[in-house]
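Here is the structure we will look at, set down as structure tokens.
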Amino acid sequence: MSFADQVVFVTGGGSGMGRLAAQRMADAGAKVAAVDINEAGLAETAEGRLGIHTWRLDVTDNQAVLATVKEAEDRLGPIDRVYNAAAIMPTGLLMDQDTETILRIMEIDYNGVVHIAKAILPGMLERGRGDLINFASIAGWGPSLHFGAYNAAKFAVVAFSEVLHHENRGKGVRIIAVCPPPVATPLLEQATSKPKMLEQGKPISPGHVLDAIERDLAKGKAFCFPNAQTKFAQVMRRLVPGLLWSTVHRVEGQ
């Protein structure tokens, strides 16, 4: 698939899903604005790819987001696609995590999504075209022990994205929330409390997730569930939430 002359904005571009998205888009001909607070990671992402342009950006800083988006569009042109991939995932029982960490997860994983969407989506709607891809998680549907703060942030992304999708139907902009299971990226290394639920299956590849996004964007879906596991988990959460929790307690031994 060619993205020649398109402009793509990627948060969390210094590693993981953001890195692969930026590199794939650049290889497909796009001009990519990759942002992250991890400048060394951004340099690795852009190495050997002239189509990737990097900015240091803290997505929790709304004024910095607005300034960076303007600078990127002034340099590269109007933004055609957004990958809202910036996230952190420290784990722990809620009463064991300090309040600062719980709120920081919300600030990055949810507030960051809002800041980017509010900065870029108006231009897309005015032009009548574009893709807004928000990274939620299956953790945004099914809560679990050790993931309370992350669950809260991803539940918020799910709700925000779903309403945004329906508020803007028929306006030429595709808005989708991606809800993967654990993905083989450095984000998993942040699960320092070692939740046993993460040991229940092999993480899927970032490439699998990106392929699923293209498939579901083409279908006009509001959500992307990249594999059968996530589709099943979402249905189970809605129909038999008690079964989900009994499984979590059994696995975690709590």
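Just so it is clear, none of the values below were taken in a lab; they were calculated from the coordinates. Please read these numbers as outputs of a predicted model, since none were measured by experiment. Glycine also receives a Cβ, built like all others from the backbone with ideal geometry; neighbour counts cover every protein chain displayed.
One quarter of the surface of the convex hull around the alpha-carbon atoms of region 132-254 equals 7.6 nm², the direction-averaged projected area. Take the chain, mark every one of the trypsin sites (Lys or Arg not before Pro) that falls in a DSSP loop and has at most 16 other Cβ within 10 Å, then report the longest stretch left between them, sites excluded. Free of exposed loop sites, the longest segment is 50-128.
Over all pairs of different C-alpha atoms, region 83-178 has a mean inverse distance whose reciprocal, the Kirkwood radius, equals 13.8 Å. Evaluating 6.51 cos²θ - 1.76 cosθ + 1.60 at θ = phi - 60° for every residue in region 34-41, the Karplus couplings come out as 9, 10, 5, 8, 8, 5, 5, x Hz, glycine and proline recorded as x.
Seen through its C-alpha gyration tensor, with square-root eigenvalues sorted a ≥ b ≥ c, region 197-254 comes out oblate because a/c lies at 1.5 or above while a/b is not bigger than b/c. Centroid-to-centroid, using Cα positions, region 201-254 and region 82-136 are 19 Å apart. Determine Rg/Rh for region 169-237; Rg is computed over alpha-carbon atoms and Rh is the Kirkwood hydrodynamic estimate from the same atoms. Expressed as Rg/Rh, it is 1.04. Each residue of region 194-199 was assigned a 3J(HN,Hα) from its phi angle through the Karplus expression (A = 6.51, B = -1.76, C = 1.60, θ = phi - 60°), giving 6, x, 5, 4, 6, 8 Hz with x at Gly and Pro. Using all pairs of distinct alpha-carbon atoms, the Kirkwood hydrodynamic radius of region 1-60 works out to 10.8 angstrom.
Here the 3J(HN,Hα) profile of region 7-13, calculated from phi with Karplus coefficients 6.51, -1.76 and 1.60 at θ = phi - 60°, is 10, 10, 10, 10, 8, x, x Hz, Gly and Pro shown as x. The fraction of Cα-Cα pairs per 10 angstrom bin, counted from 0 for the chain, comes to 7, 32, 37, 18, 5, 0 percent, rounded to whole percents.
Against the main long axis of the alpha-carbon atoms of the chain, helix 16-27 sits at an angle near 30°. Here region 212-246 is scanned for amide nitrogen atoms under 20 Å from the site 7 Å beyond the Cα of K171 along Cα-to-Cβ, giving 217-224.
Using only Cα atoms, find the angle between the long axis of helix 112-127 and the longest principal axis of the chain, and express it within 0 to 90 degrees, rounded to the nearest 10. Helix 112-127 sits roughly 40 degrees off the main axis of the chain. Rounded to the nearest 10 degrees, the angle from helix 228-239 to the longest Cα principal axis of the chain is 60 degrees.
Its relative contact order, with pairs defined as Cα atoms under 8 Å and 6+ residues apart, puts the chain at 17 percent. Remark on V178: its backbone amide H falls under 5 Å from those of N134, F135, A136, C224, a criterion applied only to residues 5 or more positions apart or on other chains, H modelled at 1.01 Å from N.
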